[in-house]
Amino acid sequence: MAVDSALGHEAPGKIKVAIVYGGRSSEHEVSCVSAGAILSHLDPERFECVPVGITKDGVWTVGEFDPEKLRTVDRVMPQVEMVREVTLSLNPNRAGEFRFTDGELYAKVDVIFPVLHGPYGEDGTVQGLFELSGVPYVGTGVLSSACGMDKEFTKKLLAAEGLPVGKEVILRGNQELTQADKDLLGLPVYVKPARGGSSIGISRVTSWEELPAAMAYAREYDHKVIVESEIVGEEVECGVLEKADGTIVSSVLAQLADTHGGAEGFYGFDTKYLDSVVTAHIPAPLDAETTKQVQLLAADAFRALNCHGLARVDFFVTANGPVLNEVNTMPGFTPISMYPKVMEASGIAYADLLAILIERELPAR
Ligand SMILES: Nc1ncnc2c1ncn2[C@@H]1O[C@H](COP(=O)(O)OP(=O)(O)O)[C@@H](O)[C@H]1O
Ligand SMILES: [Mg+2]
C-alpha cells in the first residue's frame, strides 16, 4: 500500500483531490467501483489523487491507490479494506487536512470528491461534514442531497414545481396500505425503501398477497417505505452538468434496453451491476420533440431540487409523455454507469467531466 505516495510526492501546482468512497450504505461496493474508475480517469498532470475509503462500519481509512483493485472480478465487487484510520479536520483553519489518529498528516487536500452513494454519503450527512470543515467538495449541498436521497421529498418538490410524477403512498413505521390506497395505486406496484438506491430493497408486486413480503424486504433498508403504481414506458436517463459559469447542460439521453431480461424482471441490482443484461441506446431512439422535453424536464428537476454541479435524472417515457422517476445527486461513475456515458456522448470525455466538476469548486465555494 503506497501510503507514502500521498505524503511523499509533493506535487506543486497539482490540485490535490481526496476521492472519498465506500461508506456505510448498501451501495458500498458500487461506490468502490465508481472510485476505481475515477482514479483511472483523473488527469495525472493536473490532479494528485488522495484515496480515502470508508469501511462498511463507517471508519475512514487510507484508501486504495491502485484502480485495478477496485474492479468487479467474477461477480465479486470490491470493498474498502481497513489500512490506517484517518480523520478529516473539523477546524476550518486546517481545512482539507486528513490526519492519522496519532496526529501525523496523511494529506492536505484542496477539494473532496465524495463518490458515495446512498445514506451517509449522498444524503447530506457527509456534505454537512465538509461544510463544517470548510473544505470545497464536488456535487450538491446538504439540503438538496437530503431531498434527492428521499424519494418522498424528491417527488413532493418536483410535484410542487408542476413536474410530472407518478402516484405513490408513503408508509411509516408499521403503517399498511389501506383498501383505498390499493384502489388508488392498482397493480402492479413497486415497493421501495424511501431512501435507497441501486434498486436495493425494491420489489415489483403483482398480487396483493405478495405485499407483506415486499414490505418486510423494503423495511430491512428503511423504516419509511414508498409504494408506487407501475409506470409503463421506456426508461430514459439524462445527465445534467452545471458548468462553472452556472449554465445547466442536459446531456443526450440514454434509453435502457432489456431491463426486464434479468431474473429480477426489472432493473434490479443484479441486472444493473452483475448480469450485464442491460444495454442502453445512446442517444435514445426518441423523436426530437420528446428528447427536448426530457432534457428540459431534467434541467427543471435539477433546479427544483436546488442541485449543484451534477445530477442524473431518470424518467419513464410513457404513451402520454415523460414522467420523472428520480434524481440521483451523486450518480454512479462505474465503467458501465450511464452518467459518464451520456456525458461522453454529449462531447464531454470522462477525464474532462471530472476536471469540470472538480475545478469549478476551486477556490472555496
Ligand atoms: N413506478 C415504477 N414503475 C415502473 N418501474 C419502476 C417503478 N419504480 C421503479 N421501477 C423499476 O425499478 C428500478 C429501480 O427503481 P428506482 O426508483 O430507480 O430506485 P433506485 O433509487 O434504487 O435506482 C427502476 O429503474 C425501474 O426499472
Ligand atoms: Mg434508479
* **Total residues in region 59-87, condition outside any loop (DSSP other than H, G, I, E, B) and either open to solvent by 20 Å² or more (accessible area, probe 1.4 Å) or touching a Leu at 6+ places or on another chain (Cβ under 6 Å) (or both)** => 8
* Consider K151 carefully, then state whether it is in contact with a Lys or Arg (Cβ under 9 Å, 6 or more places away or on another chain) and not assigned by TED's automatic domain parsing to the domain that holds E27. => yes
* **Subset of region 242-254 (residues that are open to solvent by less than 40 Å² (accessible area, probe 1.4 Å) and at pLDDT below 95)** => G246
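Looking only at residues that are surrounded by 15 or more Cβ atoms within 10 Å (Cβ to Cβ) and over 20 Å from H260 (Cβ atoms) in region 177-189, which one is nearest to ligand 1 (Cβ to nearest atom)? So that I can check it myself, show each step before the final result.
Within region 177-189, the subset surrounded by 15 or more Cβ atoms within 10 Å (Cβ to Cβ) is 177, 181-182, 185, 188-189.
Adding the requirement that they be over 20 Å from H260 (Cβ atoms) leaves 177, 181-182, 185.
Numbers: L177: 15, D181: 15, K182: 15, L185: 10 Å.
Among those that are surrounded by 15 or more Cβ atoms within 10 Å (Cβ to Cβ) and over 20 Å from H260 (Cβ atoms), it is L185.
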* To do: Please determine, by comparing only the residues of region 154-172 that are assigned to a helix (DSSP H, G or I) and of a type outside the set (G, A, S), which one is surrounded by the most Cβ atoms within 10 Å (Cβ to Cβ).
  => T154
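Just to check your reading of the model, which residue among V313, V249 is in contact (Cβ under 8 Å) with a residue 40 or more places away in the chain, under 24 Å from S34 (Cβ atoms) and away from ligand 2 (no atom under 16 Å from the Cβ)? Working first, answer last.
On the way: V313 fails: away from ligand 2 (no atom under 16 Å from the Cβ).
Within the list V313, V249, the selection yields V249.
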* Asked: If you check V327 against the conditions, is it of a type in the set (V, I, T) and either more than 16 Å from ligand 2 (Cβ to nearest atom) or touching a helix residue (DSSP H, G or I) at 6+ places or on another chain (Cβ under 6 Å) (or both)?
  -> yes
* What is the number of the single condition among (1) in contact with a helix residue (DSSP H, G or I) (Cβ under 6 Å, 6 or more places away or on another chain); (2) open to solvent by 20 Å² or more (accessible area, probe 1.4 Å); (3) in contact (Cβ under 8 Å) with a residue 24 or more places away in the chain that L116 does not meet? -> (2)
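Is one or more of the residues making up region 281-293 touching a Phe, Trp or Tyr at 6+ places or on another chain (Cβ under 9 Å) and at pLDDT 95 or above? It would help to see each step written out before you state the result.
Residues of region 281-293 touching a Phe, Trp or Tyr at 6+ places or on another chain (Cβ under 9 Å): none.
Looking for residues that are touching a Phe, Trp or Tyr at 6+ places or on another chain (Cβ under 9 Å) and at pLDDT 95 or above, one finds none in region 281-293, hence no.
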* Structure fact -> A146 passes all but one of the listed conditions (1) within 30 Å of N91 (Cβ to Cβ); (2) in contact (Cβ under 8 Å) with a residue 60 or more places away in the chain; (3) of a type in the set (A, V, I, L, M, F, W, C); (4) within 16 Å of ligand 1 (Cβ to nearest atom); the exception is number (2)
* Asked: Which residues, counting only those in region 217-241, are more than 15 Å from ligand 2 (Cβ to nearest atom) and open to solvent by 30 Å² or more (accessible area, probe 1.4 Å)?
  -> Y217, R219, E220, H223, V232
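Condition first: of a type in the set (A, V, I, L, M, F, W, C) and over 19 Å from the mean Cα position of the chain (by Cα). Now tell me which residues in region 227-250 satisfy that. Talk me through it step by step, then tell me what you get.
Here is the first cut: in region 227-250, the ones of a type in the set (A, V, I, L, M, F, W, C) are 227, 231-232, 236, 238, 240-241, 244, 248-249.
Residues satisfying the conditions are V227, I231, V232, A244.
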* Asked: Are there any strands (runs of 3 or more DSSP E) wholly within region 262-365 with 3 or more residues that are hydrophobic (A, V, I, L, M, F, W, C) and open to solvent by less than 20 Å² (accessible area, probe 1.4 Å), and if so which?
  -> 310-318
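Only one residue in V3, V30 is open to solvent by less than 70 Å² (accessible area, probe 1.4 Å), more than 28 Å from N328 (Cα to Cα), modelled with pLDDT under 95 and not basic (K, R), so which one is that? Show your work before the answer.
Working: V30 fails: more than 28 Å from N328 (Cα to Cα).
Matching residue, one of V3, V30: V3.
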* So, in region 190-216, of the ones that are in contact with a Pro (Cβ under 6 Å, 6 or more places away or on another chain) and open to solvent by 30 Å² or more (accessible area, probe 1.4 Å), which residue ends up farthest from ligand 1 (Cβ to nearest atom)? -> T206
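Name the residue, out of V126, V135, that is in contact with a strand residue (DSSP E or B) (Cβ under 7 Å, 6 or more places away or on another chain), closer than 29 Å to G309 by Cα and part of a helix (DSSP H, G or I).
V126
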* To do: Taking the residues in region 120-143 that are without any contact (Cβ under 8 Å) to a residue 60 or more places away in the chain and open to solvent by 30 Å² or more (accessible area, probe 1.4 Å) as candidates, determine which candidate is nearest to H223 (Cα to Cα).
  => T125
* To do: Spot the failing condition for V169; the list is (1) away from ligand 2 (no atom under 16 Å from the Cβ); (2) over 20 Å from F316 (Cβ atoms), and only one is missed.
  => (2)
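Is it the case that some residue within region 223-237 is without any contact (Cβ under 8 Å) to a residue 40 or more places away in the chain and within 11 Å of ligand 1 (Cβ to nearest atom)?
Here is the first cut: in region 223-237, the ones without any contact (Cβ under 8 Å) to a residue 40 or more places away in the chain are none.
There is no residue in region 223-237 that is without any contact (Cβ under 8 Å) to a residue 40 or more places away in the chain and within 11 Å of ligand 1 (Cβ to nearest atom).
The values are calculated or read from the model by the stated rules, or taken from the named source; none is laboratory data. Just so we're clear, the structure is a prediction, and the values are computed from it rather than from any experiment. Note: ideal-geometry Cβ built from the backbone for every residue, glycine included; neighbour counts use all protein chains shown. Each accessible area value is taken on the protein alone, full model and side chains, heavy atoms only, with ligands, DNA and RNA left out. Shrake-Rupley method; radii C 1.70, N 1.55, O 1.52, S 1.80 Å.
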